[in-house]
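Asker: Quick one: structure below, then a few questions.
The values are calculated or read from the model by the stated rules, or taken from the named source; none is laboratory data. As the structure is a prediction and not an experimental result, all values here were calculated from the model. Note: ideal-geometry Cβ built from the backbone for every residue, glycine included; neighbour counts use all protein chains shown. Note: accessible area is taken over every heavy atom of the protein model, side chains too, but ligands, DNA and RNA are not part of it. Shrake-Rupley method; radii C 1.70, N 1.55, O 1.52, S 1.80 Å.
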Amino acid sequence: MQDLLRVEDLVAKYQADNGEITALEDISFTVQEGEFISIVGPSGCGKSTLLSMIAGLTKPTAGNIVIEGEPLVPGKVHTSIGYMLQRDNLLEWRTIFRNVTLGLEIQHTMTSENIEYVTNLLKTYGLYEFKDKYPSQLSGGMRQRAALIRTLAIRPKILLLDEAFSALDYQTRLAVTEDVYRILKQENKTALMVTHDIPESISMADRVIVLSRRPAHIQGIHTISFDMPDRTPLNCREHPKFQEYFNTIWKELDVHV
Amino acid sequence: MFKSGVSQGRWEWKKGTNQQSGEDQAVSPERLLFLENKKKRKNQIRFTQIFLLIFILLLWEVTARLGIIDSFIMSQPTRILKTFANLSNNDLMLHLGVTCYETLVGFLIGACGGTCIAIALWWSDFLSKVFEPFLVVLNSLPKIALGPVIIIWVGAGTNAIIVMALAISMIVTVLEMLNGFVNTDSEKLKMVKTFGANRLQTFTTVVFPSNIHTLFNSLKINIGLSLVGVIAGEFLVSKAGLGYLIVYGGQVFKLDLVMASVIILSIVAALMYQAVVILERWITRLISPSR
């Protein structure tokens, strides 16, 4: 089977005023369709740079990014990639409907078919009644869900989550991860999530990629599997293997204070 | 479409019932006391303000009548009132109209032009870096110093006055708006970029809408500055306008005329400012009724 995403020998160097910084070094991995991959690493190791490059926002210094066998044009935003940022970034002056269709508007794909797809998403995930409301009238969890629908609206093949929940308080965060996980599985989306939260990375992922300190290289890739019939980010935390995975990844991260 | 109408109706209805239940709710005595105190305090402030104004006017009038102050130099309220009556016989409306016209033209061109320049500078980082030192110097330069130059270049008359108003208000607009544009939330910019937005789309979807507040702030500053420019211009060169009346009154020692013009000027300034405030409220409600 063809890999959905293949990252080959990716190198990222920054030119700062006070010298050259190597952020990423020889990063290679593949992602299969429907997989959920978490990337963890010490803060400042270049995790977000990696996502930025896959999204086409930043040009890699060297290496290739291949999506469905088609190499990515560097520095050009690929339409089959959806990107979710730390905050929901809903535009306060637009209604929920106009917020979730923002991507379609920018890409000039406001077809009736796409609008119907978005309407269905809104209905399925309980935001349809709020479609004419403004973001400030929604709760934190609902805002995050609206941001997810905005990303899903352009029908991305891969979803990139860049610390997508770290702006939320802990309780909301647990609820939102549960929510997002359910939606992604239901829509059968492939996702790549960057986080500094080890339990969060284990709770959602099929595989966890551990990056080293800068210059970051891949320290290890762990396949996470709980033998549970309907695994969710919350209930897998109860599983005895959860702590095992946590310890392995924690050791590998080699955190010094 | 039909469905959305139904759901909207239901929502409205829900809101209606909510409001009703809110009205039905018994208000606690503490709440009543709080509301009453709040109202009382508001009235006290308003009363003191009016009292202070009347007190000063009376003091002015009485001391002038008793000969404690010289009403020829200090003028006095009744004489100002008389001048008002005379002015309406004379060309008050003409002078007022000229000043308003010059201010509004200067203000509108300054606001539009300034915003356009700010957009251009936001668009090109290179341009903005190139022009930065020039803008800083122009901003700190007292524009009135350019008065003689402006008069020679555009001729003594209404145009010179408008250019003066422009010179004073435009640079501030450019700096204010550019500052707002540059400080647009970078996460939101990144968000639209992930959808592949180009520079124009970024501007229309995020940068400009999130700076509506900045725009109105600069309009509020500008309406005052335009008036400063117009009055300064009328001091230098004019045949009509409130600035002309003030200078003329000073030259012929008609302090009543000067005082009356200043009072009219302050009313005009307050009204123009208020107009911008009302416009802001209206526009904000138009784009986002929730706020």
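Asker: Looking at (1) free of Cβ contacts under 8 Å to residues at least 24 places away in the same chain; (2) polar (S, T, N, Q); (3) not in a helix (DSSP H, G or I), which is the only condition residue A:89 fails?
Answerer: (1)
Asker: Any residue in the stretch B:147-156 that is modelled with pLDDT under 95, more than 14 Å from chain A (Cβ to nearest Cβ) and not in a helix (DSSP H, G or I)?
Answerer: yes
Asker: Which of (1) at pLDDT 85 or above; (2) surrounded by 18 or more Cβ atoms within 10 Å (Cβ to Cβ); (3) part of a loop (DSSP other than H, G, I, E, B) does residue A:103 not meet, given it meets every other one?
Answerer: Unmet for residue A:103, out of (1) at pLDDT 85 or above; (2) surrounded by 18 or more Cβ atoms within 10 Å (Cβ to Cβ); (3) part of a loop (DSSP other than H, G, I, E, B): (3).
Asker: Is it fair to say residue A:206 is closer than 14 Å to residue A:37 by Cα and open to solvent by 10 Å² or more (accessible area, probe 1.4 Å)?
Answerer: Yes, satisfied.
Asker: Give the residues of the stretch A:53-80 that are closer than 20 Å to residue B:189 by Cβ and touching a residue at least 40 places away in the same chain (Cβ under 8 Å), sorted by residue number.
Answerer: Those that are closer than 20 Å to residue B:189 by Cβ and touching a residue at least 40 places away in the same chain (Cβ under 8 Å): A:53, A:54, A:55, A:58, A:79.
Asker: If you take the residues in the stretch A:94-107 that are of a type in the set (A, V, I, L, M) and at the interface with another protein chain (Cβ under 8 Å from one of its Cβ atoms), which one is farthest from residue B:286 (Cα to Cα)?
Answerer: A:106
Asker: Name the residues in the stretch B:187-200 that are crowded, with 19+ Cβ neighbours inside 10 Å and of a type in the set (S, T, N, Q), would you?
Answerer: Within the stretch B:187-200, just B:194 meets the criteria.
Asker: Moving on. Any chance you could count how many residues in the stretch B:25-65 are more than 30 Å from residue B:80 (Cβ to Cβ), open to solvent by less than 100 Å² (accessible area, probe 1.4 Å) and of a type outside the set (A, V, I, L, M, F, W, C)?
Answerer: The total comes to 3.
Asker: Hey, any hits in the stretch B:101-108 for a residue that's touching a His at 6+ places or on another chain (Cβ under 9 Å) and in contact (Cβ under 8 Å) with a residue 24 or more places away in the chain?
Answerer: no
Asker: Say we look at the stretch A:213-257 and pick out the residues that are assigned to a helix (DSSP H, G or I) and free of Cβ contacts under 8 Å to residues at least 12 places away in the same chain; which of these is least open to solvent (accessible area, probe 1.4 Å)?
Answerer: A:235
Asker: From B:260, B:232, B:240, which residue is in the same structural domain as residue B:119 (by TED's automatic domain parsing), buried (at least 17 other Cβ atoms within 10 Å of the Cβ) and part of a loop (DSSP other than H, G, I, E, B)?
Answerer: Going through B:260, B:232, B:240 in turn, the sole match is B:240.
Asker: Now, a different point. Do we find a residue being within 14 Å of another protein chain (Cβ to nearest Cβ) and either over 28 Å from residue B:137 (Cα atoms) or not in a helix (DSSP H, G or I) (or both) anywhere in the stretch B:165-184?
Answerer: There is at least one residue in the stretch B:165-184 that is within 14 Å of another protein chain (Cβ to nearest Cβ) and either over 28 Å from residue B:137 (Cα atoms) or not in a helix (DSSP H, G or I) (or both).
Residue-wise test of (1) at negative phi; (2) assigned by TED's automatic domain parsing to the domain that holds residue B:200; (3) of a type in the set (S, T, N, Q).
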position: B:51; (1), (2), (3): yes, no, no
position: B:88; (1), (2), (3): yes, yes, yes
position: B:96; (1), (2), (3): yes, yes, no
position: B:101; (1), (2), (3): yes, yes, no
position: B:113; (1), (2), (3): yes, yes, no
position: B:123; (1), (2), (3): yes, yes, no
position: B:128; (1), (2), (3): yes, yes, yes
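Asker: Residue A:133 versus (1) assigned to a helix (DSSP H, G or I); (2) within 12 Å of chain B (Cβ to nearest Cβ); (3) under 23 Å from residue B:287 (Cβ atoms): which is the lone unmet condition?
Answerer: Every condition holds for residue A:133 apart from (1).
Asker: Would you say residue A:164 is outside any helix (DSSP H, G or I) and either buried (at least 22 other Cβ atoms within 10 Å of the Cβ) or modelled with pLDDT of 90 or more (or both)?
Answerer: In short, yes.
Asker: Let me ask something else. Among (1) hydroxyl-bearing (Ser, Thr, Tyr); (2) within 11 Å of chain B (Cβ to nearest Cβ); (3) open to solvent by less than 60 Å² (accessible area, probe 1.4 Å), which single condition is residue A:117 missing?
Answerer: So residue A:117 meets the others, but not (2).
Asker: Quick check: is even one residue across the stretch B:115-124 of a type outside the set (S, T, N, Q), open to solvent by 60 Å² or more (accessible area, probe 1.4 Å) and under 26 Å from the mean Cα position of the chain (by Cα)?
Answerer: yes
Asker: Does the stretch B:243-257 hold any residues that are touching a helix residue (DSSP H, G or I) at 6+ places or on another chain (Cβ under 9 Å), outside any loop (DSSP other than H, G, I, E, B) and surrounded by fewer than 19 Cβ atoms within 10 Å (Cβ to Cβ), and which are they?
Answerer: B:247, B:248, B:250
Asker: Take the stretch A:52-93 and flag every residue that is within 8 Å of another protein chain (Cβ to nearest Cβ) and among the acidic types (Asp, Glu).
Answerer: If the condition is that a residue be within 8 Å of another protein chain (Cβ to nearest Cβ) and among the acidic types (Asp, Glu), then A:92 is the only one that fits.
Asker: Of B:218, B:210, which residue is in contact (Cβ under 8 Å) with a residue 24 or more places away in the chain, within 18 Å of residue B:279 (Cα to Cα), within 14 Å of chain A (Cβ to nearest Cβ) and crowded, with 19+ Cβ neighbours inside 10 Å?
Answerer: Only one candidate qualifies: B:210.
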